[in-house]
């Protein structure tokens, strides 16, 4: 088996010890306790029943650890998917969500087999920060109804629509609900100062559930909204397939696949830095794909690598995929034994959990730090953020990538330039040869006549060809020889070849001989494939340095 497509579990299990199992066991149990309230909260916020979040964490979490390319990755439902899942459920129902999740899994497997794992690193940092912060604001916005007890039955998915409805219902705030939500929020924030091992979210849910029960508070709970919760294992079922619906769900599937890939690989990179390891990105994508297909077949929601849970795993001693598998099995045990008790949990407390998730996702420090970056990066950041919040995550990534690409090309075009040096080749000879050959004694070339030297600096691509063509149009009327110094050109593209074609035609009409100096391998191969090297004059017209070309002409 190709090592890059070999699960880390089979690598780490070879030298596995009893001591490592004990630390993995401890880490897995702690991470399961952290994942328990998150899985339930994310499922409810996504528009599905609470147990589906646990089913996802159990099934997908186990498979991501068993088959994944990271030693310590913890998989399950995450906040990033909440907005997408809610939108799919609202528009296409649970069946549409299941189909989208399965299709997304297939896309991720294909991405892994096509070795696209490393391609994720080409997504600019301002884009990932922009859409992550945008998702965080959207998650926060979606929890206001439950946190304040506004009692709104149907909340629109649009950001402005949500807040318009909140403003209209602000007089309906339920202070008992708000008290429970605020209590949960304070416990989550302050609990780590008392104990860092047991997650504050779990303590908050227990304390507020007891408060509601003891004081008989009229507050919405999981039970009042969803009724009795089943502790039974999910049964695999094939979703109803409709070709027209599948076509409509393709964009959603790609969104889940791309976002899941980005989040899981970012999590793997973060974990690599913490344990000094190296994940297998393509195997990780395949594992994520298999996990999402399985989650969909068992009625779950999309899953990916969860950064917060992965970090918790590492900090508690988890160092192999066994910890992630223990986390999934622990959640299974909790579901089988204690699931009916979850009906007592107040929805306001779950809202508090997700408000903290949104805060941690917001990366506000990184967001504000980017305002010190170049203006082009700030534009990409803000555009991605605003479109994520107001329009759609997919559109935000698409526009962000296109905008980033255009700004990058402009930046590269601004860097690229063409320097010109004249040897009595025109009416004016103000350009200094010393700018092009600063390290040589140029006095020996003073007697040369009818020569121009073009030195191209930077990548010679479609964004920079206009400067070259401007230089071509300025060829001196006395020019007999043109030397093109390409030592500083790492690569050229089809537009550059087209510019060369125009230059060759112009020079042929005017009987100007072209010499090339210092050309690198990629530009040389491109010229050869296009037969331009023959049109220029073959190997005799190519030199290692501009000085060599000038020496050649001085002897003629």
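Nothing in this text is a laboratory measurement; each read-out follows from the coordinates by a stated rule. What you see is a predicted model; the values in this text were computed from it and never measured. Cβ sites come from the backbone with ideal geometry, for glycine too, and all protein chains shown count toward neighbours.
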Between segment 73-145 and segment 461-523, how far is it from one alpha carbon centroid to the other, in angstrom? 47 Å
Antiparallel %, DSSP beta bridges [both residues in the chain], to 5: 40 percent
Apply the Debye scattering formula to segment 464-556, with a single equal point scatterer on each alpha-carbon and no solvent, then give log10 I(q)/I(0) at q = 0.23 Å⁻¹. -1.39
Quick check on the chain: helices-only [θ] at 222 nm, where DSSP H runs of length 4 and up contribute -39,500 (n - 2.57) each and the sum goes over total residues. Nearest 500, please. -20000 deg cm²/dmol
Mean projected area (nm²) of the alpha-carbon convex hull when segment 204-362 is viewed from all directions: 12.1 nm²
Hey, what does the equivalent ellipsoid look like for segment 313-405, semi-axes from the Cα gyration tensor as sqrt of 5 times each eigenvalue, largest first, whole Å? 38, 19, 14
Relative to the chain, whose Cα atoms define the longest principal axis, helix 79-113 and its Cα axis are tilted in degrees, nearest 10, by 50 degrees
Just to check, using Stokes-Einstein with a Kirkwood Rh over alpha carbon pairs, what's the diffusion coefficient of segment 151-208 at 25 °C and 0.890 mPa s in µm²/s? 182 µm²/s
Would you mind getting me the FRET efficiency between residue 478 and residue 272? Use the beta-carbon distance for r and R0 = 51 Å, nearest 0.05. 0.25
Sort 393-403, 539-549 by the packing proxy (mean of other Cβ within 10 Å over each peptide's residues), most packed first. 393-403, 539-549
Sort 259-265, 522-528 for me by packing, meaning the mean count of neighbouring Cβ atoms within 10 Å per residue, highest on top. 259-265, 522-528
Residue 382 versus residue 494: modelled label distance in nm, points set 7 Å from Cα along the beta carbon direction: 3.6 nm
Given the chain, report the % of alpha carbon pairs whose separation exceeds 40 Å. 41 percent
Taking the convex hull of the alpha carbon atoms in segment 199-265, what volume per residue do you get, in Å³? 203 Å³
Express the Stokes-Einstein translational diffusion coefficient of segment 100-237 in µm² s⁻¹, to the nearest whole number, given a Kirkwood radius over alpha-carbon pairs, 4 °C and a viscosity of 1.567 mPa s. 68 µm²/s
